[in-house]
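Written out below as C-alpha cells is the structure these notes cover.
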Amino acid sequence: MTERLAEASPRCKARIAGVLYLVIILTATFAELYVREGIVVYRDAATTASNILAREPLYRLGGVAMLVALVSDVALALIFYQLFKPVSKTVSLMAAAFRLMDVAILAVNLLNHFAPLILLRGAQPGAFTPDQLQALSLASLRFYAQGFNLGMVFFGFDCLLMGYLIFRSTFLPRILGGLMALAGLSYLTNSFANFLSPAWAANLFPYVLAPPFIAEASLALWLLLIGLNAQRWREQASAVEGRQW
C-alpha cells in the first residue's frame with residue numbers, strides 16, 4: 001500500500017489527502033463537540049456519570065470516531081510529507097513528526113475516555129462507593145482534557161510548519177498557508193491558556209476555535225475538489241531536488 005501511494009500522482013495524493021482531512025474533521029468534531037460536550041459536565045460528577053450510562057452507545061461511538069480520526073491522521077501525515085517534500089524536505093519531515101507526536105499522545109489519551117466505562121460498569125462491587133466511582137470517572141475525563149490540550153501543542157506547531165510549506169509552495173494558494181499558520185497560533189494559544197488559566201481559556205475557546213476550523217476545512221475542500229497544480233509541483237520538485245532547508 002505504501003509503494004502504491006508513493007507511485008500515485010501528486011494530484012491523486014492531494015485528493016486522497018482531502019478525503020482523509022474531511023474524515024478527520026467530521027469524526028473529531030463529532031467526538032469532541034457533539035458527544036463530549038453533550039455528555040460531560042466537568043463540575044458535576046454525578047450528572048456526568050448518569051449521562052455516560054444513559055447514553056453509553058453514543059459515548060462509545062465517540063471514542064471510536066476519535067480513533068478513526070487518529071488512524072486517518074497517520075496516513076495524512078505520510079501523504080503531506082510526500083507532497084511537501086519538494087518545498088523543503090527538512091521542514092516537511094518536522095511537520096510529519098509533530099503531527100505523529102500529536103497522534104501518539106491522543107491515542108494513549110483515549111484510555112482516559114474509556115476509563116469511566118470500566119469504573120462505572122466493571123468496578124468490583126463494594127470496592128468503591130458510587131460517589132467515589134463517579135469522582136474517579138470525572139477525574140479521568142479531566143485527564144483526557146489535559147492530554148488533548150497537550151496533543152494540540154504538537155498539532156499547533158504542525159499547523160505552523162504546514163502554513164510555511166504551503167506559503168512557500170508554488171502549487172497551492174498562499175492564502176491557505178496563511179490560514180494554516182493562523183490555525184497553529186490558535187491551537188497553541190488555546191492549549192497554553194488552558195495550562196496557565198483554565199477559566200480564561202473557557203471564555204476564549206469559542207473564538208479560538210473559528211480560525212482552525214476555517215483553515216482546515218478550506219485546505220481539505222481545496223485538496224479534495226481542486227487538488228494541486230501538478231505541473232508546478234513537478235517543476236518545484238525538479239528545482240529543489242537534493243536541497244534541504
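The values are calculated or read from the model by the stated rules, or taken from the named source; none is laboratory data. Predicted, not measured: the structure shown is a model, and the values here were computed from it. Quick reminder, even Gly has a Cβ in these numbers, built from the backbone with ideal geometry, and neighbours come from all protein chains shown.
Go over the candidates Met180, Met162, Met152 one by one and state the one that is farther than 15 Å from Leu83 by Cβ and either of a type in the set (S, T, N, Q) or part of a helix (DSSP H, G or I) (or both).
Just one listed residue meets the conditions, Met152.
Go through region 144-200 and count every residue that is at pLDDT below 90 and among the aliphatic types (A, V, I, L, M).
3
Show me the helices (runs of 4 or more DSSP H) found entirely inside region 41-146 where at least 2 residues are without any contact (Cβ under 8 Å) to a residue 40 or more places away in the chain and touching a helix residue (DSSP H, G or I) at 6+ places or on another chain (Cβ under 7 Å). Spell out how you get there, then give the answer.
Details: elements: 45-54, 56-84, 89-122.
Ranges flagged: 56-84, 89-122.
Would you mention how many residues in region 72-99 are in contact with a Leu (Cβ under 9 Å, 6 or more places away or on another chain) and either of a type in the set (Lys, Arg) or farther than 22 Å from Ala230 by Cα (or both)?
Narrowing region 72-99 to residues in contact with a Leu (Cβ under 9 Å, 6 or more places away or on another chain): 72-85, 87-88, 91-92, 94-96, 98-99.
Subsequent filtering for residues that are either of a type in the set (Lys, Arg) or farther than 22 Å from Ala230 by Cα (or both) retains 72-74, 85, 94, 98-99.
Of the residues in that region, 7 qualify.
If you check Gly156, Gly147, which single one turns out to be touching a Leu at 6+ places or on another chain (Cβ under 6 Å), buried (at least 17 other Cβ atoms within 10 Å of the Cβ) and closer than 19 Å to Ala69 by Cβ?
Going through Gly156, Gly147 in turn, the sole match is Gly156.
Looking at (1) of a type outside the set (S, T, N, Q); (2) outside any helix (DSSP H, G or I); (3) in contact with a Gly (Cβ under 9 Å, 6 or more places away or on another chain), find the lone condition where Phe30 falls short.
(2)
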